[in-house]
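The values are calculated or read from the model by the stated rules, or taken from the named source; none is laboratory data. Being a predicted model, the structure only gives us computed values, none of them experimental. Using ideal geometry, Cβ is built from the backbone for each residue, glycine included, and neighbour counts are taken over all protein chains shown. Areas reflect the complete protein model, heavy atoms only, side chains present, ligands, DNA and RNA absent. Shrake-Rupley method; radii C 1.70, N 1.55, O 1.52, S 1.80 Å.
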Amino acid sequence: MKTLAALVFPGFETLDYFGPMEMLGGLGKETEIITVAKGRDPVPSVHRQRIVIDKTIAEKNDYDLLFIPGGDSALDAAKDEELMQWIRETSANAERVMAVCTGTVLLGMTGVLDGRKATTNKLDFTKTVPLAPNVNWVKEARWVEDGKFFTSSGVSAGMDMALAVMADLFGMEMADRIALGCEYEWHKDANRDPFAKSAGLV
């Protein structure tokens with residue numbers, strides 16, 4: 001079983017987090033999801049529901065998998081150097097690192113994506129990617145895989161990326177079973193990105 005650290009911070013985007021967690025939870029035996037935050041208090045999402053914390057960043061940084069959601073507040077979280085250092089250390093220890101939407105920008109601002117390909121939310125693309133100038137930002141992609149790093153476009157794209165990670169770790173048959181169990185139409189083509197066009201990026 002893989003241990004998965006799912007980082008949260010105040011104002012995290014709801015679907016960025018809960019959609020991929022449904023997929024990354026697998027069939028119940030593949031991953032153990034551990035919700036991580038800086039402090040012990042329940043953390044509110046952008047929609048104000050609060051999520052209980054399993055571990056703080058001070059307690060542990062060696063997880064098999066790391067997941068970072070997005071949300072406008074991700075850029076505020078980037079101002080916290082203690083949190084940024086935890087992301088660096090945990091990314092170095094992890095077998096796979098995932099980020100969704102502006103969570104990819106947060107990850108990029110730590111420096112761990114320098115020289116790597118990544119993508120993020122297309123509506124915010126032009127104003128956020130300059131914050132991590134050493135990342136090779138991909139304008140048109142549903143998600144991007146570069147080594148152990150998987151990054152996705154906005155919000156719902158995180159579910160497609162999460163299934164791609166499950167396929168990478170446990171096989172395509174397993175990922176297909178997860179998608180079927182969720183009655184989810186999985187977009188398996190990482191380059192299928194109509195939102196890049198609607199945002200005027202391509």
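Figures for the structure shown
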read-out: ALA92 vs. criteria at pLDDT 95 or above, part of a helix (DSSP H, G or I), over 29 Å from GLU183 (Cα atoms) and of a type in the set (A, V, I, L, M, F, W, C); value: yes
read-out: Filter pass, ASN134 being farther than 22 Å from GLY11 by Cα, of a type in the set (S, T, N, Q), open to solvent by 20 Å² or more (accessible area, probe 1.4 Å) and touching a residue at least 12 places away in the same chain (Cβ under 8 Å); value: yes
read-out: Members of region 52-76 found to be open to solvent by 10 Å² or more (accessible area, probe 1.4 Å) and touching a helix residue (DSSP H, G or I) at 6+ places or on another chain (Cβ under 8 Å), listed by number; value: ILE57, ASN61, ASP62, ASP72, LEU75
read-out: Single condition ALA164 does not satisfy, out of (1) free of Cβ contacts under 8 Å to residues at least 12 places away in the same chain; (2) touching an Asp or Glu at 6+ places or on another chain (Cβ under 9 Å); (3) of a type in the set (A, V, I, L, M); value: (1)
read-out: Among the candidates ARG88, ARG116, ARG50, residue that is among the basic types (Lys, Arg) and in contact with a Pro (Cβ under 9 Å, 6 or more places away or on another chain); value: ARG50
read-out: Every residue from region 41-67 that is touching a residue at least 60 places away in the same chain (Cβ under 8 Å) and part of a strand (DSSP E or B); value: LEU65, LEU66, PHE67
read-out: Which listed residue is part of a helix (DSSP H, G or I) and touching a helix residue (DSSP H, G or I) at 6+ places or on another chain (Cβ under 8 Å), from ALA167, ALA141; value: ALA167
read-out: Top-ranked residue in region 120-129 [being free of Cβ contacts under 8 Å to residues at least 60 places away in the same chain and open to solvent by less than 80 Å² (accessible area, probe 1.4 Å); ranked as nearest to the chain's Cα centre (by Cα)]; value: THR120
read-out: Residue that is assigned to a loop (DSSP other than H, G, I, E, B) and touching a strand residue (DSSP E or B) at 6+ places or on another chain (Cβ under 6 Å), where the choices are GLY158, GLY111, GLY70; value: GLY70
read-out: Selection count where residues are in a loop (DSSP other than H, G, I, E, B) and either aliphatic (A, V, I, L, M) or surrounded by fewer than 19 Cβ atoms within 10 Å (Cβ to Cβ) (or both), scope region 17-40; value: 7
